[in-house]
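Right, one structure below, let's go through it.
Where a number appears in this text, it was derived from the coordinates with a stated rule and is not lab data. None of the values given here were measured: they were computed from a predicted structure. FYI the Cβ positions are ideal-geometry reconstructions off the backbone, even for glycines, and counts take in every protein chain you see.
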Amino acid sequence: MKRKYAIIGAGPTGLGAARRLMELGEKDFIVLEKNSYAGGLASSFTDEKGFTWDIGGHVVFSHYEYYDNLLAEILLDEYLEHLRESWVRTVKTWVPYPFQNNIRHLPNQIKWECVRGLLPGIRSEDTPANFYEWINNTFGAGIAKYFMLPYNYKVWATYPEMMSFSWIGERVSVVDLKTVIKNIILEQDQLSWGPNNKFRFPLKGGTGSIYKKLAETISGNILYNACVSSIDHKNKILTDAEGNNYEYEYLLSTAPVDILIKTWLDKPSDDLVNAANMLKHNSVVVAGIGLSTSKEDTRCWMYFPDDDSPFYRVTNFHNYSPNNTPIPGEGRALMCEISYSNHKKIDHDQVLSQVEDGLVNTTMITEEDRKDIISRWSINVDYGYPIPCLQRDEALQILQPALESMSIFSRGRFGGWKYEVSNMDHSVMQGVEWAERMINGKPETTYRIS
């Protein structure tokens, strides 16, 4: 089978690329998807009790007109719109998100620690060498101690000293001492920071319904259950696990770039293998706890930096859509995310029971609520977050130009390995912009190698 374009993966990036190729009049392409369904990390699942779960806390917001228009076409009016209500649970206290702007909710002594760390002359003004130093220099010792350091270790499963801070951008709300003091004295909250303070969510089917519907618009070009096993880049031939060959002129891979290099690529150079080994990622278990009973709780999601729970985030998934529970509008769906790595081990056999204990410890449920749990669902995600480690940019500077010289383009959350452009809208647009580059020569703007 020969095609001008081959695309590995029918997740947001692969589907965005395929859809845009079709829109630009190019039909000579094929998408190879290892699963029996589209969506990748943006897939959704319905468990045996009827609860719908995502692979983590996805929300739909956008930086792009193209993505907005695509969603309008796919979702029509079958979505709900929410104002973000997020909280942080620390020292047995609930603090509105962003934590650093709302420390007035903390006990007085801890409140003072946080303010003291922000005072002039306290924070280092040296250029930080890593994420750990950036946190301390930006937020001061107090905010670092009670939220930024423990939370970031908990979510990344990586020590902040091993991470860069070049990815920050709009991902982290920085802090202003005057604003902090004003909020304390006037007893006011500052809640609306960030690009996701308003978001949409599909009425039915979870986030995955977006990508199932998108896949339907190009279904004739997608091969499911097609697991790539090797890439002969010299002869431009893909081979799948069944021994089928696919010739191509240009290849877009949305799979993890380290797998592309170390597992699939025919005879990669030592330089490429060494660069791929420089990249780091964590893994995530998403645990869904479904309860038959309802409880008034308007919050969207909550962050948990402390060690009294295994999860770093819990989403009130029943608030996203009433159809996420078996009986619409009844019950609770608590979606919990737990990271792990070689630097942060977990006991997979005990993770669900530890999640339940953590929900009790953090007042998300009561001891009495345990009897109302009717669903315990989980999924293991081997590639959870692409870590912006200190060696990442150096590795990508080696890998991406070398791959492009072979007519291979690696994009997407793990294909591009840049967390700062791996939201769903970013991921779709990485594919869209790749397609526009292939057809029209238009430069990519979302994903940049340099």
Among 415-422, 48-55, 81-88, how do they line up from the highest to the lowest mean number of other beta-carbon atoms within 10 Å? 415-422, 48-55, 81-88
Using only the alpha-carbon atoms, what does the range 1-104 span along each of its principal axes? Please give whole angstrom values in decreasing order. 62, 36, 27
Given the peptides 289-299, 317-327, 352-362, arrange them by the average over their residues of other C-beta atoms within 10 Å, most packed first. 317-327, 352-362, 289-299
How are the alpha carbon pair distances in the range 283-383 distributed across 5 Å bins from zero to the largest one, expressed in percent? 3, 12, 26, 26, 19, 9, 4, 1, 0
For the range 62-129 and the range 1-47, what is the separation of their Cα centres, given in Å? 34 Å
For the Glu368, Leu80 Cβ pair and Förster radius 45 Å, calculated FRET efficiency rounded to 0.05 is 0.90
The list (1) 43, 24, 21; (2) 32, 28, 22; (3) 38, 27, 20 gives values of semi-axes √(5λ) of the Cα gyration tensor in Å, and only one came from this structure; which label was calculated from it? (3)
Spatially proximal aspartates and glutamates relative to Lys212 (Cα-Cα < 16 Å; intrachain offsets below 8 disregarded): Glu33, Asp54, Glu73, Glu78, Asp425
Kirkwood-type radius of the range 409-450, with distances r between different C-alpha atoms, in Å: 10.1 Å
Select from the range 227-289 those trypsin sites (Lys or Arg not before Pro) which occupy a DSSP coil region and have at most 13 other Cβ atoms within 10 Å, ordered by residue number. Lys234
Taking the mean number of other Cβ atoms within 10 Å as a proxy for protection, how do you rank 179-185, 39-45 from highest to lowest? 39-45, 179-185
Packing-based exposure ordering (other Cβ within 10 Å, fewest first) of Leu80, Leu265: Leu80, Leu265
Taking +1 at the Cβ of each Lys and Arg and -1 at the Cβ of each Asp and Glu, which of Val432, Ile222, Ile261 sits farthest along the dipole of the chain towards its positive end, judged by Cα position relative to the Cα centre? Val432
Which value, in debye to the nearest 20, describes the size of the charge dipole of the chain about its Cα centre when Lys and Arg Cβ atoms bear +1, Asp and Glu Cβ atoms bear -1, and nothing else is charged? 360 debye
Relative contact order of the range 382-450, pairs being alpha-carbon contacts under 8 Å that are 6 or more residues apart, as %: 30 percent
Please report how far the C-alpha centroid of the range 425-450 lies from that of the range 344-395, rounded to the nearest whole angstrom. 34 Å
